1. Could you check the spin-label model distance between ALA310 and ALA280? Points 7 Å from the Cα along Cα→Cβ, value in nm.
2. Counting other beta carbons within 10 Å of each residue's own, what order do PHE177, PHE107 fall into, fewest first?
3. Once Rh is set to the Kirkwood radius over Cα pairs, what Stokes-Einstein translational diffusion coefficient, in µm²/s, holds for the chain at a temperature of 10 °C and a viscosity of 1.306 mPa s?
4. What does the helix-only formula give at 222 nm for the chain: each DSSP H stretch with n ≥ 4 adding -39500 (n - 2.57), the total divided by the residues, and the result rounded to the nearest 500 deg cm²/dmol?
5. How much of the DSSP bridge set in the stretch 108-293 is antiparallel, in percent, rounded to the nearest 5?
6. Taking the Cα centre of the stretch 108-293 as the origin and placing charges on Cβ (Lys, Arg +1; Asp, Glu -1), which of LEU201, GLY111, GLY278 is farthest toward the positive end of the dipole?
7. Compare the peptides 387-394, 366-373, 181-188 by average per-residue count of other Cβ atoms within 10 angstrom and give them in order, highest first.
8. Got a sec? How would HIS236, HIS205 order by Cβ neighbour count within 10 Å, fewest to most?
Amino acid sequence: MPWPLTTERNASGELLVGGIPLTRLADEYGTPLYVFDEATLRTRAQRFRDAFASTYPRSRVLYAAKAYLSPALVAILHAERLGLDVSSGGEVYAGLASGVPAAKMTFHGNGKTDEELREAVEAGVGLIAVDNRWELRRLVGVATAAGTRVSILLRLNPGVDVHTHAKIRTGAIDSKFGLPVGGGEAAAAVDEALASPALDLAGYHAHLGSQLFDPEAYVDGIEAILGFAAAMRDRHGDPAVPRVVSPGGGFGVAYLPDEADADPATWGAVAADALRAGCARYGLPLPELVVEPGRAIIGPAGVALYRVGATKEIPGVRRYAMVDGGMADNIRPALYDAGYAVALANRAEDGPVLPVTVAGKYCESGDVLVRDAPLPALVGGDLLAIPAAGAYTLSMSSNYNLARRPAAVLVNGGQARLIRRRETYADLLAADLLPEVPAPPRTTRETPLATVSGA
């Protein structure tokens, strides 16, 4: 089920998370509102950390910040002994503000700028995952200028296709990410990395995609990494032997009631077996295993709340419920055709249910959050809750139609804490340089037509 662990209904039929009625949170903080359950967040972090450590003690779990980087939430994950996977200078900055040491970060991304590379090197980021040879050369220059040696992973594109949405498939041959193993590009990058005294080649990384449910994808990824590592060992000797192997993240989560999460214990065992078997086969020493779950930790901890406004029925076609949020705070349905569950939060779901399409308020026909959800008859003022909303919602939110981004609260044991305030109208223009608006020019009254014509 996609709901947080603490979800329940009280005697009045109201939905509760973290021991607090969602109606109370909506009344106090307004809607749209994102609610994060601390118990779920900690439990999911612990499950990943312990599942991999129990099967492969030399493992490390990094939270993939792109799913959603809230300093308050990342501080909790850091307390649970998770590192941080970042992909921009902004995420490095926010990670540091969250209390995560730079040495516990790995910096990903296919288009890092010189400025971002300098910032990462100056901060002391633990590993930089180099995505392409252009970036490799830029990093050599940055590290040389800084007079330091930088530890790197090379991100490989192993050409492994996986079963997921095309827009979140990253390890196939036709991808912007990674150094292709076929054709010699990745091998040439190893040559360059080992030739530079400014770089320390710590190991190899590959990420096949997101929303993966078959753990055999990890077997394929690890096998591709180790096969390449063995070839580089044969070419360069010990300097090319990886101390770190990272098959990425991408663990799938349930969004709908009939779906199930990818099980960390299963994936941990499969990864450990594949790594041990592959290293034995290729004669490689066992490396550190680094995994990077993001959505699988934060996604199920979050619930989005919306107020119903207008309702609309088109006889024989569709019933709509319009809400006060939509694609500006959750672009996933419009971008990926992502499916979500939805529940009535302010009262019991008694009586007959009908298919209702929950539509957003933005000026796009594609602004639909949930299609044909089974719901009782809705009226203006009803409160709807969408679970599994913690990942790739607020992190990809926008100010489309000059909407203000929502507030977020953290709940635990009957207590709520505001961790992100709702934007103000002033925030919307904070980065704009406003012109000095001159007074309107004075105008003269037009001469009547009769005067002009002499009539």
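Read-outs: derived from the displayed coordinates by stated rules, not from any lab. Here the structure is a predicted model, which is why all the values come from computation and not from measurement. Note that each Cβ is placed from the backbone with ideal geometry, even for glycine, and that neighbours are counted across all protein chains shown.
1. Calculated label separation equals 6.7 nm.
2. The most exposed by this proxy come first: PHE177, PHE107.
3. Taking Rh from Cα pairs, D becomes 66 µm²/s.
4. That comes out to -9000 deg cm²/dmol.
5. Just about 5 percent of them are antiparallel.
6. Going by the Cα projections, it comes out as LEU201.
7. Answer by packing, highest mean first, reads 387-394, 366-373, 181-188.
8. Going from least to most buried by this count: HIS236, HIS205.
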